[in-house]
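Reading through the structure tokens given below for one structure.
Readers should treat all values here as calculations from the given coordinates under stated rules, not as data from a laboratory. Because the structure is a prediction, the values reported are computed rather than measured. Cβ sites come from the backbone with ideal geometry, for glycine too, and all protein chains shown count toward neighbours.
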């Protein structure tokens, strides 16, 4: 979060960045050239207070506000909030940490589960698990649940039928996933 002192101290830098960003956002409308500035600094107001929650949004408002967020990051309702993070988008990891207080659960897209035969499963993708990021995320929200998305990789129709039709297969699959979660400190209890 930005403090008021920080804003005052860096106002020239912010204005310079804002002007440079505005120059890069020149949009041609018909025969006219129009300078359209996207704002890229936090706001002290919520989106509702800024009049952005509307049934018929203007594209100009979306472009202008798309990089902004309220500097006071807190959850504003009692519902569940699930966020996904992917290893190919590092920015998503930073956003999850920034907005951690608003999240109930975060689902990293890390794991693949392959069925090797009856009651035999392999979990891969653990190289993408980042314990430092998990620790930082939990620092921003002690109650956040880490619920990795598991891709059933290479499964055939017969694999699904065999697993879903057998309690032993289901128990082995669950046991494999719980073991991986325990070893990699992915469980939040």
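Which length gain, in nm to one decimal place, applies between residue 91 and residue 175 when the Cα-Cα distance is subtracted from 0.36 nm times their residue separation? Mind showing how you got there, number by number?
Numbers: separation 84, 0.36 × 84 = 30.24 nm, distance 3.26 nm.
Taking residue 91 through residue 175 to full extension adds about 27.0 nm, to one decimal.
Just rank 110, 155, fewest to most, by other beta-carbon atoms within 10 angstrom. Neighbour counts put them in this order, fewest first: 155, 110.
What area, in nm² and to one decimal, does the C-alpha convex hull of the range 82-183 cast on average over all directions? If you can, show how the numbers build up before the last one.
Details: hull surface 27.6 nm².
Here the figure is 6.9 nm², rounded to one decimal.
Counting only DSSP beta bridges whose two residues both lie in the range 82-183, roughly 35 percent are antiparallel.
Cβ crowding within 10 Å, taken as a proxy for footprinting-reagent exposure, orders 113, 151 from fewest neighbours to most as 151, 113. Exposure proxy ranking for 160, 93, 69, based on other Cβ atoms within 10 angstrom of each Cβ and starting from the fewest, stands as 160, 69, 93. So how far, in whole Å, is the C-alpha centre of the range 88-102 from the one of the range 112-138? One Cα centre to the other: 20 Å. Plainly put, the range 54-106 has a radius of gyration that is 1.02 times its Kirkwood radius, both from alpha-carbon atoms, as the Rg/Rh ratio.
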